[in-house]
Amino acid sequence: MKRPIPLIVGALSGLIVLAAMFIVPQGGGILAIVLNWVIIVAGAALLVAIASLVLTHVRFIAKGKKGFLLSLVLVISFITTLALGLLLGVDRPSFLKFVGAIIRPIETALLGLVALVMMSAAMKIFRERGWSSLTVSFGVSAIIFLILGLGFPQNLNIPVLNEVIRFVEGLPMIGARGLLIGIGIGLLLMAFRVLFGMEGFGND
Amino acid sequence: MSPSELLTLIVGVALTVMVFSYILGDRLFFGIATHILIGVSAAFLALVVMQKVILPYLVLPLAEPNGPGFWLALVPLALSILMILMFFRRGTQAGAIPLAFLGGALAALAIVGITRGTLAPQILSMLGRFEPDQLMREAQPQWSAILGAVMILLGVISVLFVFHHRGQSKAGEVVRPVFLEGVGSIGQIFIGITFGALFVGLFSSALIALISSLSDIIQFIRLWF
């Protein structure tokens, strides 16, 4: 069952933004106000989501749920960072250095871990999906671009080979363009469905 | 090396080793590292949103009742309060209103952004290759340019056909016409080529990150031995 008030609010805000964008400059003022509201409400939504995350973990600790130790780590690191940020200021270099010293090594190590996971995933794709036009072209393309990435063929300086390399380097753009257009059309339809209340808000 | 640099290195190496313990099948230390990341990132994000969005756009205009932005700031204030009501069981329905406002406005922005930022430039760039000055030079046809333009057009169409899933249903299985199946297979080749190139790009970046993390650990070990 659809609830009328969220449906009307959603459709109205969307239509105002659309109308303001198509009748710029007359609608420029309205657009700026609505976008300002969107930024504030999105910020508030983000804060509510973060508060909800922390409260969920506090509840886990209070109930002594399995894995509450990890929840404790999350809550302590959250409170410590929040307190330091409020005391020192978000823009202070010492605070930024503290945050960077924790976030950077974890993110870099996680990205490094991705390299190992990607290796096994690439092998798995052939085992799971067998030999198809998709898997074969994926494998051949990966090998070719890995070799091209080394820069060795380019250094040979053979004019014909350079032409071939230029042609091959342009090939991924065809698939990327098709995927972008396909995703774009899909998102466009989804956005219209949201705007007309067929998807998302307003549903019970 | 200054004491603060040494402390940064020790913390960094400890966190890196905790993340890499995942390879050995450990879940506890990996979990601790990821939960630290989530806690610190969430707090940092909250601080940035409060300082860069909520304070200047909401709190400061409301602090000046005679200011130009006071009345305009009341609307997002009301929507934000409705969102906070989502924490209470009875307030979940009220919380749908600010979410609907956000959803509607973002959907409208997506419509404009996708049509102007993705669909139009991609389609125009594809069709731009068929312009006469691109295909002819000194009254002579440029066969490589013609071949390239046709290949890109057919490639893009074939990729779009990969996601065309309509067909006749036979014994519970959707059977696509042979023509669509054939064109879809060609599209799969182009998608495979794109994914292969993307894989190599991502893999190279991840490999650089792996080398950087390992070199940090080696630097730390060299410090003591």
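The values are calculated or read from the model by the stated rules, or taken from the named source; none is laboratory data. None of the values given here were measured: they were computed from a predicted structure. Note: ideal-geometry Cβ built from the backbone for every residue, glycine included; neighbour counts use all protein chains shown.
Looking at this structure, is B:ILE32 closer than 20 Å to A:LEU84 by Cβ and modelled with pLDDT of 90 or more? Explain how you work it out, then say what you get.
Numbers: closer than 20 Å to A:LEU84 by Cβ: yes; modelled with pLDDT of 90 or more: yes.
Yes; evaluated as a whole, the condition is true for this residue.
Only one residue in A:SER141, A:SER137, A:SER132 is over 27 Å from the mean Cα position of the chain (by Cα) and surrounded by 12 or more Cβ atoms within 10 Å (Cβ to Cβ). Which one?
Working: A:SER141 fails: over 27 Å from the mean Cα position of the chain (by Cα); A:SER137 fails: over 27 Å from the mean Cα position of the chain (by Cα).
Within the list A:SER141, A:SER137, A:SER132, the selection yields A:SER132.
Within the range A:164-193, track down each residue that is more than 9 Å from chain B (Cβ to nearest Cβ) and without any contact (Cβ under 8 Å) to a residue 12 or more places away in the chain.
Result: A:VAL164, A:ARG166, A:LEU189.
Residues B:LEU72, B:LEU77: which one is at the interface with another protein chain (Cβ under 7 Å from one of its Cβ atoms), surrounded by fewer than 21 Cβ atoms within 10 Å (Cβ to Cβ), assigned to a helix (DSSP H, G or I) and out of contact with any Gly (no Cβ under 9 Å at 6 or more places or on another chain)?
Details: B:LEU77 fails: at the interface with another protein chain (Cβ under 7 Å from one of its Cβ atoms).
Every option except B:LEU72 fails the conditions.
What's the number of the only condition in (1) out of contact with any Ser or Thr (no Cβ under 9 Å at 6 or more places or on another chain); (2) touching a residue at least 12 places away in the same chain (Cβ under 8 Å); (3) closer than 27 Å to B:TRP143 by Cβ that A:ASN157 fails to meet?
Here A:ASN157 clears every test but (2).
For B:ARG166, which of the numbered conditions (1) at pLDDT below 85; (2) not in a loop (DSSP other than H, G, I, E, B) fails to hold?
(2)
Of the residues B:SER185, B:SER212, B:SER204, only one is surrounded by 15 or more Cβ atoms within 10 Å (Cβ to Cβ), without any contact (Cβ under 8 Å) to a residue 12 or more places away in the chain, polar (S, T, N, Q) and within 30 Å of B:GLY12 (Cα to Cα); which? Outline the logic, then answer.
Numbers: B:SER185 fails: within 30 Å of B:GLY12 (Cα to Cα); B:SER204 fails: surrounded by 15 or more Cβ atoms within 10 Å (Cβ to Cβ).
From the options B:SER185, B:SER212, B:SER204, the qualifying one is B:SER212.
Which numbered condition in (1) closer than 30 Å to A:ARG92 by Cβ; (2) within 7 Å of chain A (Cβ to nearest Cβ) is the only one that B:THR34 fails?
(2)
Taking the condition of being surrounded by 19 or more Cβ atoms within 10 Å (Cβ to Cβ) and touching a Leu at 6+ places or on another chain (Cβ under 8 Å), how many residues in the range B:9-29 meet it?
In the first step, residues of the range B:9-29 are kept if they are surrounded by 19 or more Cβ atoms within 10 Å (Cβ to Cβ); the result is B:12-13, B:15-16, B:18-20, B:22.
If we keep only those that are touching a Leu at 6+ places or on another chain (Cβ under 8 Å) as well, we get B:19-20, B:22.
Final tally of qualifying residues: 3.
Using the structure shown, decide if A:LYS124 is under 26 Å from the mean Cα position of the chain (by Cα), facing another protein chain (nearest Cβ under 8 Å) and over 18 Å from B:LEU210 (Cα atoms).
Details: under 26 Å from the mean Cα position of the chain (by Cα): yes; facing another protein chain (nearest Cβ under 8 Å): no; over 18 Å from B:LEU210 (Cα atoms): yes.
In short, no.
Run down B:GLN134, B:GLN140 and say which single residue is of a type outside the set (A, V, I, L, M, F, W, C), in contact (Cβ under 8 Å) with a residue 12 or more places away in the chain and surrounded by fewer than 18 Cβ atoms within 10 Å (Cβ to Cβ).
Numbers: B:GLN140 fails: in contact (Cβ under 8 Å) with a residue 12 or more places away in the chain.
That would be B:GLN134, the only listed residue that is of a type outside the set (A, V, I, L, M, F, W, C), in contact (Cβ under 8 Å) with a residue 12 or more places away in the chain and surrounded by fewer than 18 Cβ atoms within 10 Å (Cβ to Cβ).
A:GLY178: surrounded by 13 or more Cβ atoms within 10 Å (Cβ to Cβ), under 30 Å from B:PRO121 (Cβ atoms) and in contact with a helix residue (DSSP H, G or I) (Cβ under 6 Å, 6 or more places away or on another chain), yes or no? Don't jump to the end; show me each part of the working.
Working: surrounded by 13 or more Cβ atoms within 10 Å (Cβ to Cβ): yes; under 30 Å from B:PRO121 (Cβ atoms): yes; in contact with a helix residue (DSSP H, G or I) (Cβ under 6 Å, 6 or more places away or on another chain): yes.
Yes.
Is it the case, given these coordinates, that A:PHE138 is within 13 Å of B:PHE195 (Cβ to Cβ) and either acidic (Asp, Glu) or touching a Phe, Trp or Tyr at 6+ places or on another chain (Cβ under 7 Å) (or both)?
Details: within 13 Å of B:PHE195 (Cβ to Cβ): yes; either acidic (Asp, Glu) or touching a Phe, Trp or Tyr at 6+ places or on another chain (Cβ under 7 Å) (or both): yes.
Yes.
Rundown of residues vs (1) in contact with a Phe, Trp or Tyr (Cβ under 7 Å, 6 or more places away or on another chain); (2) modelled with pLDDT under 90, yes/no style:
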{"position": "B:LEU60", "(1), (2)": "no, no"}
{"position": "B:PRO65", "(1), (2)": "no, yes"}
{"position": "B:VAL75", "(1), (2)": "yes, no"}
{"position": "B:SER80", "(1), (2)": "no, no"}
{"position": "B:PHE87", "(1), (2)": "no, yes"}
{"position": "B:GLY91", "(1), (2)": "no, yes"}
{"position": "B:ALA96", "(1), (2)": "yes, yes"}
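Can you give me the ranges of the helices (runs of 4 or more DSSP H) entirely in the range A:83-186 with at least 2 residues that are among the hydroxyl-bearing types (Ser, Thr, Tyr)? Let's see the steps before the verdict.
Numbers: elements: A:93-129, A:133-150, A:152-155.
By residue number, A:93-129, A:133-150.
A:ILE183: at pLDDT 90 or above and more than 29 Å from the chain's Cα centre (by Cα), yes or no?
Numbers: at pLDDT 90 or above: yes; more than 29 Å from the chain's Cα centre (by Cα): no.
It is false that A:ILE183 is at pLDDT 90 or above and more than 29 Å from the chain's Cα centre (by Cα).
Here are A:ILE16, A:ILE79, A:ILE50, A:ILE23: which of them is crowded, with 16+ Cβ neighbours inside 10 Å, more than 7 Å from every other protein chain (Cβ to nearest Cβ) and of a type in the set (Val, Ile, Thr)?
After ruling out the rest, the residue left standing is A:ILE16.
Find the residue count for the range B:116-127, including only residues that are under 27 Å from A:ASN36 (Cα atoms) and facing chain A (nearest Cβ under 7 Å).
Qualifying residue count for the region: 2.
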